[in-house]
Structure formats: structure tokens, C-alpha cells
Ligand code: ADP
């Protein structure tokens, strides 16, 4: 019960008791015995009070005690009346009691705790408050007192003290720096906290921890934590007494301390941890940088490799185990596959399984594996027939490099593929040409030798022999000229003497020279020419060579009774278009693409020729900025079309 209340109660009681005495006296004086209502009220208050209420005189004798007072001490009320109050105090506290009661005598109202001796012999804590009483002459006449059982409060206080002690010990013995603060003002700091911040404990208590211990840049964090009453762990930078700073992990909690909301915070210096974390981060960054560099380097190398591989004319693929891992552009061009159709597939997709490689068994993988095992340089060169995506086959020159592990087992391979179909065809054509050329040369040579023999033995037929010799020599001259032309075109050394020429003139010249040949074969050779001159800027001899070649071919490959015609027109006022068409045997679609290739001939046996005419013609036309093309239907006829820029176009 608050002290003020007790005083007020005492005053009320004092007044009440004063009033009782007063009424008693006046009743005695008036000798009237009428029931006093206020008295019964106060008596019932006093009797029903849960506090011991008593009165004693100047000699400390008890003159009044309520029921509760008697119960407090373990007696009947009647046992107390007339007894000295000191009889009921614990003997050990007599001197305190004497001191306190002496103060009452001096007029000091007071409240204090004291041990009383219960009737059962036990000592009990009570709180005593008393108000000294004086008579009108200011003579002390005793006190009105209240006695309160505080055994419970005492034991709570003791246990509180005990637990405070306990916590103090814990707080002191812990290695964690611990500070109890209210609104930042230090209430308590343990030894570890003092050590951590470099202060004496006394220097900390009462000071503002925020201003004293926090590094300025951490103030906002701390303010926020305080404002929100944050409970948990956060990091901040702190400052020691010597000015040095350190990072710490703070763990804070809100607690109630002596009825106030305060905060307990522990602090861990995390410099080392931070340093380690920083070092780790640096290391990570360094590693990342290196990985980045390395990756970049590898990517660069990869790009270089890809660029090299892709610029190669030969197809290259790399396989791991049986599977293709990398294929270059040329390989895709050669085989007709797309990158994603090859990578990840078995290398065997390129192999026609029915065809053996070299002398090996058809099972090429087994062959390669065995080869890798037995061959020291791991390199195999040879030819194979490979298969394109569309199933067509082609001749390939293969360079196979086996990649083996330490046990000499095949783990992969690099295979370089060159499509040699064309080479093979050209080689075959050249061989055919050599044979053909020798044949073509031998035939007239035999003729010459025969004619020379006949000249010697039949000199009468001199003119006839000379005619034949002249013709034969001319044919040989043509052949040699063709060969020389091919050789010049191949080496790129051909001279042209250009001038403005009328194509009509050239065509008419050719018609005239070839007409006898056509007539002889019963072929109608005609021309259809525009009246307006079609002029080109060209070497007339070379153009005649082209027109003659096309016309002779048309006559040669058209059966008797057929027709050959040379037509001329212009196109878009830019190009001259010269067509030589026939109603001849035509060219099979498969051969159309090849007729302009040197040495290519369809009917080698039947019609004499070198297979050089069209390739030379094409080269000449192209040299003049034009083009030569063919359209043909077998057994219907062929049309060869020469396009040449008109003179005006060329010279503008
Ligand atoms: P050559 O006529 O000396 O054999 P060319 O280069 O002039 O050589 O012709 C190549 C091949 O083209 C000929 O062998 C022939 O098979 C074919 N050819 C050329 N012109 C015609 C044509 N007008 N009709 C059919 N086939 C032709």
C-alpha cells in the first residue's frame, strides 16, 4: 500500500478515534446513553480492516488493538491490552525498535519494517506505520499505529535480490559484452562491455551509449532499431575510447526492468569474421575474374577455331566416341545436313554401310578402333564413298586422326573430308582428253604418212594428195590452236583486240563459211537478223570463233533434214542476244550442266571433236562481259544463247 494512503488512513483513524474519545467523554458528561452511529461505523471499519490497528500510550503500553492485530501476533485482543509493544518484537531488533519508537516520541510519523515475534515463536516481517499523538499541552501521549504482514513481500524482495545477484553474476562472468540501457542511456554494463569499448564501467553507466560508442555512420541504423524496438541481430560500427572503430554484431532485446522498458544488448566484435569474409569475397572475385578471363580466352580460341574451320574448304568433323561433336560449314555444304542434324549424331550417318573403307571390313567403327590401336601415328589417309543427306554418294578423300586415351583406346577422332567427285571426274576427263587428243593427232598423222607414201608412189595424183594433206594439216592446226587456247584461258593469258563490230556482219560471215558443210549434211542453215545494226565492242575474231563453234556443233549434232538457225535481237536496249538453235539430238539433263566444262563430250565415239569448243566459247563471252547458256530437250533440239553488252552500254 502506498505510503501516502497509509498516512491518510492513519489520519482518518486518528480523527475517528479522537471523535470516539470525544463522544465518550461528552456522553459521560451528559450521562446520556444513546447509540452513536459514527462510532459504530468506525468500529466496524477498524474491525473489518485487513491491517492490524493499534494504539499505545507514552509508555508503549497497548491501549487498543483490533482483531487483525491480535491475529498478526497470534494472541487474543484481550491478551494484548496493557502489554508493552516491545514484548512482541523480535529480540534481535529491539535496538532498531527503540530507535524508531524514540522518533515517534520526537513527533516523527514514519513507516518501517520490523520483525515481530509470533506467539508460536516464529519471527515475521511486518510493516509498521505510526502517527505520534500529543495532548493539547504538546505532551506525547502515544501513537496510533498500523501493522501490516509483509512476510510475502519480504520473501519476494529477497528472491528478487537473489535473482538480481544471480543475473549480476551471470552478466559479469559472461564473455559477451552486455549493456542494459534505457533510450540509449547506460543503466548497466558488464566487464566484457567495458573491455570491448575500452572504458571503465563507471565511465559507461549513465552515459548515452549512442553518442559515446557508435561510429557516426551507424547512428541512423541504431536510431531505427531503437525507434522500432527491434529485437534480433543487426550489424553496426562502434568506436572505442581510443577512437578506433570496429564492426560488431548487436543482439538486442526489450525487457522490463524495475517497471521500465529498457533494452539489453550484447555486442560481438566481428572484425575477424569480416576480414575473413572480405578475404573470401576478394578470393571469390579473383577466382571469378580468372574464370572469366579463361572463359573469354577459351571462347576466343573457340571462335578462332570455328573461324578457321568454317573458312576451310574441306569438311571437318570431330567425334567423341561414336558421336559427332563439331562439324564445320564445308562439311555441311558437302553433305547437305544442317549443323543440328549432324552434331550429336553418329559419325556413321555419313557412311554407306554397304561400302567398305579401304580394305577393311564394312564395320568401320571396329576397323577404326583397331586401326587406332595398331597404328603408331594415328593417322589414316584414304578414299571412301560417303553418303549425303539425300542418300546420294560421293567420293571423298579422308584424313582420319585417331584420338586415344592412355590405354591406346579410341576415344574420338578428327576427320577431314574432301569431296573429290569433281577432281575424279576432271581427272577422268583429262585422261579421256589425252587419249582423245592423241587419237585425234594420230589419225591425221597416219593420214599424212599414208599420203606421203602415196605421193612417192603415185606422183600423178599429186593435187588430190596435196588437198588431203592440206585438210589434215588444217585440222591438226585447229586442234593445236584449241589446246593452246585452253591452256591460255587456264593460265589467264588471253589477249583481246576490241573494236565496235556489227554482229549481223559476223553472223553472215559464219553462215557463208558454214553453208557448204550444212548443205552437205542436208541441213538448212538460216539466220534471222534485225535490220538495225546491233553493235558490240568486242574482238571480232574471238566472236567469230564462238559463233562458228556453236554453229558447227549445231550442224554436227543435228541429223540430216534438220534445221539450224542463228537469230539476233536486243534486250532492254542493253544487251545483244544471239541464239543458235537446232532441231538436233539435244543434251540429256544430266549433261547440260557439264557441256561447258573443258574436255566434256557426250558422244565421244560418233562425232569427232575435242570437247574444248564450248568451254573456250564460254570463256571468250565472259571475257567480253557477257554470258553463254544452253537450253536443250533430248531429241528435240538445243538452243545456245550468247548475251553481250551493247557497245553504247560498254562505253558509257
Ligand atoms: P566438241 O563439240 O568438240 O565435242 P564442245 O565443247 O563444243 O566440244 O561440246 C561439248 C559437248 O557438248 C559435245 O561433245 C556434245 O556432246 C555437246 N554438244 C555441244 N553442242 C551441242 C548441240 N548443239 N546439240 C547436242 N549436243 C551438243
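The values are calculated or read from the model by the stated rules, or taken from the named source; none is laboratory data. Everything numeric in this text was worked out from a predicted model, so none of it was measured. Here the Cβ is made from the backbone with ideal geometry for all residues, glycine too, and neighbour counts use every protein chain on show.
Does the stretch 182-190 contain any residue that is out of contact with any helix residue (DSSP H, G or I) (no Cβ under 8 Å at 6 or more places or on another chain) and in a loop (DSSP other than H, G, I, E, B)? Quick ask: steps written out before the conclusion?
Restricting attention to the stretch 182-190, the residues satisfying the condition of being out of contact with any helix residue (DSSP H, G or I) (no Cβ under 8 Å at 6 or more places or on another chain) are 182, 187.
Within this subset, residues satisfying the condition of being in a loop (DSSP other than H, G, I, E, B) are none.
No, there is no match, as no residue in the stretch 182-190 is out of contact with any helix residue (DSSP H, G or I) (no Cβ under 8 Å at 6 or more places or on another chain) and in a loop (DSSP other than H, G, I, E, B).
Since residue 505 meets every condition but one in (1) closer than 30 Å to residue 349 by Cα; (2) touching a helix residue (DSSP H, G or I) at 6+ places or on another chain (Cβ under 9 Å); (3) surrounded by fewer than 17 Cβ atoms within 10 Å (Cβ to Cβ), which condition does it not meet?
Of the numbered conditions (1) closer than 30 Å to residue 349 by Cα; (2) touching a helix residue (DSSP H, G or I) at 6+ places or on another chain (Cβ under 9 Å); (3) surrounded by fewer than 17 Cβ atoms within 10 Å (Cβ to Cβ), the odd one out for residue 505 is (1).
Quick check on my filter: what residues within the stretch 401-441 are farther than 20 Å from residue 600 by Cα, out of contact with any helix residue (DSSP H, G or I) (no Cβ under 6 Å at 6 or more places or on another chain) and at pLDDT below 80?
409
Inspect the stretch 550-558 for any residue being free of Cβ contacts under 8 Å to residues at least 12 places away in the same chain, part of a loop (DSSP other than H, G, I, E, B) and either within 13 Å of the ligand (Cβ to nearest atom) or surrounded by fewer than 20 Cβ atoms within 10 Å (Cβ to Cβ) (or both) and give the result as yes or no.
As a first pass, look at the stretch 550-558 and keep what is free of Cβ contacts under 8 Å to residues at least 12 places away in the same chain: none.
There is no residue in the stretch 550-558 that is free of Cβ contacts under 8 Å to residues at least 12 places away in the same chain, part of a loop (DSSP other than H, G, I, E, B) and either within 13 Å of the ligand (Cβ to nearest atom) or surrounded by fewer than 20 Cβ atoms within 10 Å (Cβ to Cβ) (or both).
So, in the stretch 625-652, of the ones that are buried (at least 20 other Cβ atoms within 10 Å of the Cβ), under 60 Å from the mean Cα position of the chain (by Cα) and over 14 Å from residue 557 (Cα atoms), which residue ends up nearest to the ligand (Cβ to nearest atom)?
628
Name the pairs whose Cβ atoms lie under 6 Å apart, with the first residue in the stretch 597-619 and over 12 Å from residue 553 (Cβ atoms) and at pLDDT below 75, the second near the ligand (Cβ under 7 Å from one of its atoms) and in a loop (DSSP other than H, G, I, E, B), and 6 or more positions between them or separate chains?
Going by the 6 Å Cβ cut-off, the qualifying pairs are 598/612; 599/611.
Out of (1) closer than 15 Å to residue 177 by Cβ; (2) outside any strand (DSSP E or B); (3) out of contact with any helix residue (DSSP H, G or I) (no Cβ under 7 Å at 6 or more places or on another chain), the odd one out for residue 250 is which?
For residue 250, the exception is condition (2).
For the stretch 217-230, does any single residue satisfy the condition of being in contact with a strand residue (DSSP E or B) (Cβ under 7 Å, 6 or more places away or on another chain) and part of a loop (DSSP other than H, G, I, E, B)? Show your work before the answer.
Our first condition is that a residue be in contact with a strand residue (DSSP E or B) (Cβ under 7 Å, 6 or more places away or on another chain); within the stretch 217-230, this holds for 217-218, 221-222, 225, 229-230.
Among the residues that remain, those that are also part of a loop (DSSP other than H, G, I, E, B) are: 229-230.
Yes - at least one qualifying residue is present in the stretch 217-230.
This table checks each residue for (1) modelled with pLDDT under 95; (2) under 19 Å from residue 495 (Cα atoms).
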site	(1), (2)
522	no, no
525	no, no
528	no, no
531	yes, no
542	yes, yes
546	no, yes
551	no, no
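Kindly establish whether residue 279 is free of Cβ contacts under 8 Å to residues at least 12 places away in the same chain and in a helix (DSSP H, G or I). Reasoning before the result, please.
Values: free of Cβ contacts under 8 Å to residues at least 12 places away in the same chain: yes; in a helix (DSSP H, G or I): yes.
The answer is yes for residue 279.
Select from the stretch 599-615 the residues that are near the ligand (Cβ under 8 Å from one of its atoms) and under 60 Å from the mean Cα position of the chain (by Cα) and list them in ascending order.
600, 615
Could you please give the count of residues in the stretch 559-587 that are under 27 Å from residue 496 (Cβ atoms), surrounded by fewer than 19 Cβ atoms within 10 Å (Cβ to Cβ) and within 13 Å of the ligand (Cβ to nearest atom)?
Residues that pass the stated criteria total 1.
Six or more apart or on different chains, Cβ under 8 Å: which pairs go from a residue in the stretch 562-586 that's within 18 Å of residue 546 (Cα to Cα) and at pLDDT below 95 to one that's near the ligand (Cβ under 10 Å from one of its atoms) and assigned to a strand (DSSP E or B)? Could you list them?
none
Test residue 201 against the stated conditions and say whether it is farther than 20 Å from residue 247 by Cα, surrounded by 14 or more Cβ atoms within 10 Å (Cβ to Cβ), at pLDDT below 90 and touching a helix residue (DSSP H, G or I) at 6+ places or on another chain (Cβ under 7 Å). Spell out how you get there, then give the answer.
Details: farther than 20 Å from residue 247 by Cα: yes; surrounded by 14 or more Cβ atoms within 10 Å (Cβ to Cβ): yes; at pLDDT below 90: yes; touching a helix residue (DSSP H, G or I) at 6+ places or on another chain (Cβ under 7 Å): yes.
So residue 201 fits the description; yes.
Considering (1) more than 11 Å from the ligand (Cβ to nearest atom); (2) more than 15 Å from residue 503 (Cβ to Cβ); (3) free of Cβ contacts under 8 Å to residues at least 40 places away in the same chain, say which one residue 594 fails and leave the rest.
The single condition residue 594 does not satisfy is (1).
Given (1) under 16 Å from residue 185 (Cα atoms); (2) within 44 Å of the chain's Cα centre (by Cα), where does residue 258 come up short, assuming only one miss?
Condition (2) is where residue 258 drops out.
Quick check, is residue 326 in contact with a helix residue (DSSP H, G or I) (Cβ under 8 Å, 6 or more places away or on another chain), touching a residue at least 12 places away in the same chain (Cβ under 8 Å) and surrounded by fewer than 19 Cβ atoms within 10 Å (Cβ to Cβ)?
Numbers: in contact with a helix residue (DSSP H, G or I) (Cβ under 8 Å, 6 or more places away or on another chain): yes; touching a residue at least 12 places away in the same chain (Cβ under 8 Å): yes; surrounded by fewer than 19 Cβ atoms within 10 Å (Cβ to Cβ): yes.
Here the answer is yes, as residue 326 does meet what is asked.
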